[in-house]
Amino acid sequence: MYKSTLIQFIKTLNRKEMTRFVEFIGSPYFNKHRDVKVLVNYFNKIYPDFSKKKTDRKEIFSKVFKGESYSEAKLKHVFSYTLRNIETFLSLQEFMKVETDLNLYLLRDLRKRKLNKRFEKILNRTKDTITTEKHQNFDHHFRMYETTAEADLFFVDQATFRRDESLQFKVDSLDRFYLSEKLRSVCEMINRSHFLRREYDYNFVEETIKYLESNLEWWSTTPSITVYYQVYHTLTDKDNNRHYYKLTDLLAKYGDCFPEGERRDLYHYCLNFCIRRGNQGEHQFWSETLKIYKELLRNGLVIEEGVFKESHYRNIASAALRVKEYEWAKEFIFKYKNDVPERTRENTYNYNLARLYYHTQEYSEALGLLNTVEYTDPFFYRNSKSLLLRIYYDLGETDALNSLVESFKAYVSRDKLLNKGKLKRYSDHFRLTGRIYRLKMNYEYLPAVQFEKELSKLEEKVDSTGALAGKDWIKEKLKELRDKVK
């Protein structure tokens, strides 16, 4: 029973929801089965300890059917009824979150019962509520469409010839919904095609864009169309920076029109653009990357459900270190440490603080922190060793660097289960760093012509190596050697 569907459902309930579910089951309108009520009360009593012992089949049976001989069929029957009840409970909870959704079903019923005065009162109240909604994304336009569709049906039922605009409002709302959702979905399809290497059919997207371009006045004041139209151009005309800057201006103007999750996703389109342009050598976009992260932090869009994802924490620290905002990075690392999930908190904190100390050339502090990082997963191993490699390079620790390069080579050959693409990026990083280091140490002993030749070979090799971990750092070290030649 420990892994039964019902218990998995029950385990997702918070304390408040568990109490409400008990009340729900206690209502004869929803549940008339005594056994279901006893079962749910038992779950409520043991909440949140749904251990194997307390959810053992025979243990549960003895609590629900006291004094009876164990029957698997009987227990399955009561579990089945309870599962249906919890599904209804969760559906109702979700349904009742939005007042206008409730009103829509009420309007349908009032119209069928021909309670016209009440219908008109509820209709006007619902339209006022939707019109003044803070968030005006695709959901907003769909709610207005459904409401004006009910208004139009009501008008038809009256069979009068008085002037009514509900049909026009319905069509306008439908168009706004369709265009908003079409653009939003197409943008996500383009985005996923980059990450998942998957092709999608975009159906009517060219026609949609042409229509929008020829009807600017109609939709230009609709945030959900305006913003995604700009996202679309940022994704498709990806070498034109103008689209990105216009998108950030629109988000500054209309950002509050989108709910938290969608607003976060919109900023991530900006982040992806900046990171790609930064990787292509347009270094001003690293400053833009940090600027967007600061905006996300300022608006509370990074921490989700009280959790600061380790990857977000690391990426924000990286963005600050790239543009040498060391004081800000230090404040950030300290400030948000306790928001990182406890399981990886110390590792994440120590690793990122070590990176900061490396950038500020406080090598002994960085080494001390790296010694505390536990290799709980491949990420911490690869990146901690990579940072250690850079420290040894800068300090001129030849024996330590050579030993580390060899040990990483052994690590790569030993573990056959690791991601081959990522391993190659890191193994190339270690191999090339070793070669650059040897050239650096031989600077005073090699003839200038030979040093120049070896350096040019390494520069060509780095440029021709596609995905390479720490490519910017390696290029920086090559530049330092090139400056010596000059």
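Suppose R0 equals 25 Å. What FRET efficiency, 1/(1 + (r/R0)^6) with r the Cβ-Cβ distance, do Lys11 and Ser62 give to the nearest 0.05? Could you put the intermediate results ahead of the total?
Numbers: r = 21 Å, r/R0 = 0.85.
Calculated value: 0.75.
Between Leu446 and Lys238, what is the FRET efficiency for a Förster distance of 51 Å, r being their Cβ-Cβ separation, to the nearest 0.05? Display every interim value, and only then the final one.
Working: r = 43 Å, r/R0 = 0.84.
Plugging the Cβ-Cβ distance into 1/(1 + (r/R0)^6) gives 0.75.
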Please label the shape of the chain as rounded, prolate or oblate, based on the square roots a ≥ b ≥ c of the eigenvalues of the alpha-carbon gyration tensor (a/c under 1.5 means rounded; beyond that, a/b larger than b/c means prolate, else oblate). oblate
Check cross-link reach from Lys112 to the lysines: straight Cα distance under 17 Å, and skip same-chain residues fewer than eight apart. Lys121
How long are the semi-axes of the equivalent ellipsoid of the stretch 5-95, defined as square roots of 5 times the Cα gyration tensor eigenvalues? Whole Å, largest first. 21, 15, 11
Spatial separation of Cα centroids for the stretch 111-149 and the stretch 394-450, in angstrom: 66
Could you put Ile225, Ile190 in order, starting from the residue whose Cβ has the fewest other Cβ atoms within 10 Å? Ile190, Ile225
For Glu304, the residues 5 or more places away or on another chain with a placed amide H closer than 5 Å to its own amide H are Lys309
Exposure-ranked with fewest Cβ neighbours within 10 Å first, Val22, Val449 stand as Val449, Val22
Counting Lys and Arg as +1 and Asp and Glu as -1, what is the net charge of the other residues whose Cβ lies under 15 Å from the Cβ of Leu174? -4
So for the stretch 38-191, taking the charge dipole from beta-carbon charges (+1 Lys/Arg, -1 Asp/Glu), which of Leu167, Ala149, Met96 sits furthest toward the positive end? Met96
Taking amide H positions as placed in the peptide plane 1.01 Å from N, state which residues far from Gln136 in sequence (5 or more) or on other chains have amide H under 5 Å from it. Phe258
What does the extension gain come out to for Glu305 and Lys134, with contour length at 0.36 nm per residue minus their alpha carbon separation? 59.4 nm
Need one number for the stretch 99-181: average projected area of the convex hull over its C-alpha atoms, nm². 5.2
Per residue of the stretch 217-230, what does 6.51 cos²θ - 1.76 cosθ + 1.60 with θ = phi - 60° give for ³J(HN,Hα)? Whole Hz please, x for Gly and Pro, Karplus curve as stated. 4, 5, 10, 5, 9, 9, x, 5, 8, 4, 5, 6, 4, 6
Report the extension gain between Leu115 and Lys453 in nm, rounded to one decimal, defined as 0.36 nm multiplied by the number of residues separating them, less their alpha carbon distance. 112.6 nm
So how far, in whole Å, is the C-alpha centre of the stretch 337-360 from the one of the stretch 170-226? 41
In deg cm²/dmol and to the nearest 500, what is the mean residue ellipticity at 222 nm of the chain if only DSSP H runs of at least 4 residues count, each as -39500 (n - 2.57), divided by the residue total? -24000 deg cm²/dmol
Pairwise label distance in nanometres, Asn44 with Thr221, each label 7 Å out on the Cα-Cβ vector: 5.2
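Can you tell me the length gained on complete extension of the stretch Lys74 to Ser318, counting 0.36 nm per residue apart and subtracting the Cα distance? If you can, show how the numbers build up before the last one.
Values: separation 244, 0.36 × 244 = 87.84 nm, distance 5.81 nm.
That works out to 82.0 nm of additional length.
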Would you mind computing Rg(Cα) / (2.2 N^0.38 Å) for the stretch 158-203, counting N as its residues? 1.92
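Read-outs throughout are calculated quantities, based only on the coordinates presented, and are distinct from any laboratory measurement. Note that the structure is predicted; figures quoted are calculated from it, not measured. As a convention, Cβ positions derive from the backbone with ideal geometry for all residues, glycine included, and neighbour counts pool all protein chains shown.
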